[in-house]
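Notes to accompany the following structure.
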Amino acid sequence: MPEYPILEFDSAREAMLEPTRLIRPIDISPYVVVCFFQDVITKLTQRHAARVVKHLQSEIGKHPIYEIEFEGQRLTVFHPGIGAPLSAAMLEEVIALGGRKFVACGGAGVLNSSLAVGHVVVPTSAIRDEGVSYHYLPPGREVEADKAGIQAIEAVLQKHHCEYVTGKTWTTDAIYRETPQKVQLRREEGCITVEMEAAAFFAVAQFRSVQFAQILYGGDDVGSEQWDGREWTTQTTVREKLFWLAAESCLSL
């Protein structure tokens, strides 16, 4: 028996609560943008005729699943919540509904202060410093994003002449325990950003055999002597642009 419970990986394909037994598939587009920006989603409902096709439910309340039309194709959109456990559960349920090709758009802290607010980042892999991924994959240090998804995102960014960087991201459950020592360790390991969901997303996607990649933008700075919020949540134009880049990338998969 492993010393720590989190290392007790079970490869069983079915769990006691199995999404496909609890949730019936519906007629949604298999192309899905996972959008962390509620302000952008609100605009989609006001200006782009986004319509709710399903409500998922949790103790927080209702979680709407939207559909829009983009470039002549149907596209599913949803907000996954915040943090690996809720986001992974939401991803599971949208997969059960019929989602198959996913591109997420969100923000992340930067571990290098030279990475400007709003700069586009494409994670190639995630350090698994959270709990969810250990229930989907055997214990390991990192998990990779879908390679075809990365290629699709890069092709769209290059098409639109968007500057971007690729690299590892650090996924952690504890935003208030990003200590200077851990920041330095992750930086030495090659991480350029820190966030709370990517490792879980990539692990769930691999387990369920769906495609998942992500676009982030540089947000708050955790790589300096003192934390700097840099007003990263007010970057409205960046957030909208990132959503449409994610949408185009997703539909090209």
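Can you list residue pairs whose Cβ atoms sit under 9 Å apart, with the first residue in region 8-20 being free of Cβ contacts under 8 Å to residues at least 40 places away in the same chain and the second being open to solvent by 100 Å² or more (accessible area, probe 1.4 Å) and not in a helix (DSSP H, G or I)? Count only pairs 6 or more apart in sequence or on different chains.
Partner pairs satisfying both residue conditions: Glu8/Met1.
Tell me, which residue of region 96-117 that is in a loop (DSSP other than H, G, I, E, B), modelled with pLDDT under 90 and touching a Gly at 6+ places or on another chain (Cβ under 8 Å) is surrounded by the most Cβ atoms within 10 Å (Cβ to Cβ)?
Going through the qualifying residues, I end up with Leu115.
Quick check on region 1-37: of everything there that is hydroxyl-bearing (Ser, Thr, Tyr), within 22 Å of Glu92 (Cβ to Cβ) and in a loop (DSSP other than H, G, I, E, B), which residue is most open to solvent (accessible area, probe 1.4 Å)? Quick ask: steps written out before the conclusion?
Filtering region 1-37 for residues hydroxyl-bearing (Ser, Thr, Tyr) gives 4, 11, 20, 29, 31.
Restricting the remaining residues to those that are within 22 Å of Glu92 (Cβ to Cβ) gives 11, 20, 29, 31.
Remaining after also requiring in a loop (DSSP other than H, G, I, E, B): 11, 29.
Numbers: Ser11: 79, Ser29: 5 Å².
Looking at the filtered set, the residue picked out is Ser11.
Do you know which of the residues in region 137-147 that are crowded, with 18+ Cβ neighbours inside 10 Å and among the charged types (D, E, K, R) is farthest from the chain's Cα centre (by Cα)?
Glu142
Considering only strands (runs of 3 or more DSSP E) fully contained in region 38-78, which possess at least 1 residues that are open to solvent by less than 60 Å² (accessible area, probe 1.4 Å) and out of contact with any strand residue (DSSP E or B) (no Cβ under 8 Å at 6 or more places or on another chain)?
Output list reads 51-58, 61-70.
Return the pairs, sorted by first residue and then second, in which the second residue is outside any strand (DSSP E or B), the first residue lies in region 112-124 and is farther than 18 Å from Glu144 by Cα, the beta carbons are less than 6 Å apart, and the residues are 6+ apart or on different chains.
Asn112/Gly223; Ser113/Gly223; Ser113/Ser224; Val117/Arg230; Val117/Trp232; Gly118/Gln235; Gly118/Val238; Val120/Cys162
Considering only region 31-58, state which residues are small (Gly, Ala, Ser) and touching a helix residue (DSSP H, G or I) at 6+ places or on another chain (Cβ under 8 Å).
Residues of region 31-58 small (Gly, Ala, Ser): 49-50, 58.
If the condition is that a residue be small (Gly, Ala, Ser) and touching a helix residue (DSSP H, G or I) at 6+ places or on another chain (Cβ under 8 Å), then Ala50, Ser58 are the ones that fit.
Within region 175-187, take every residue that is at pLDDT below 95 and aliphatic (A, V, I, L, M) and give me the one that is most open to solvent (accessible area, probe 1.4 Å).
Filtering first and then ranking leaves Ile175.
Would you confirm whether or not region 23-45 contains a residue that is within 24 Å of Asp129 (Cβ to Cβ) and among the hydroxyl-bearing types (Ser, Thr, Tyr)?
Within region 23-45, none of the residues are within 24 Å of Asp129 (Cβ to Cβ) and among the hydroxyl-bearing types (Ser, Thr, Tyr).
Residue-wise test of (1) aromatic (Phe, Trp, Tyr); (2) out of contact with any His (no Cβ under 6 Å at 6 or more places or on another chain); (3) open to solvent by 10 Å² or more (accessible area, probe 1.4 Å); (4) assigned to a helix (DSSP H, G or I).
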residue	(1), (2), (3), (4)
Gly167	no, yes, yes, no
Phe202	yes, yes, no, yes
Ala205	no, yes, no, yes
Ile215	no, yes, no, no
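Residues in region 88-111: is at least one more than 25 Å from Ile23 (Cα to Cα), free of Cβ contacts under 8 Å to residues at least 40 places away in the same chain and out of contact with any Asp or Glu (no Cβ under 8 Å at 6 or more places or on another chain)?
no
Please state which one of Ile82, Ile127 is more than 13 Å from Val204 (Cα to Cα), part of a loop (DSSP other than H, G, I, E, B), touching a residue at least 40 places away in the same chain (Cβ under 8 Å) and under 14 Å from the mean Cα position of the chain (by Cα).
Working: Ile127 fails: part of a loop (DSSP other than H, G, I, E, B).
Selected residue: Ile82, the only one of Ile82, Ile127 that is more than 13 Å from Val204 (Cα to Cα), part of a loop (DSSP other than H, G, I, E, B), touching a residue at least 40 places away in the same chain (Cβ under 8 Å) and under 14 Å from the mean Cα position of the chain (by Cα).
Is there a residue being farther than 29 Å from Glu18 by Cα and open to solvent by less than 10 Å² (accessible area, probe 1.4 Å) anywhere in region 125-136?
Scanning region 125-136, I find no residue that is farther than 29 Å from Glu18 by Cα and open to solvent by less than 10 Å² (accessible area, probe 1.4 Å), so the answer is no.
Which of the numbered conditions does Val156 fail, given that it passes all the others? Conditions: (1) more than 17 Å from the chain's Cα centre (by Cα); (2) among the β-branched types (Val, Ile, Thr); (3) in a loop (DSSP other than H, G, I, E, B).
(3)
The values are calculated or read from the model by the stated rules, or taken from the named source; none is laboratory data. The structure displayed is predicted, hence computed values, not measured ones. Glycine also receives a Cβ, built like all others from the backbone with ideal geometry; neighbour counts cover every protein chain displayed. Ligands, DNA and RNA are excluded from the accessible area calculation, which covers all protein heavy atoms including side chains. Shrake-Rupley method; radii C 1.70, N 1.55, O 1.52, S 1.80 Å.
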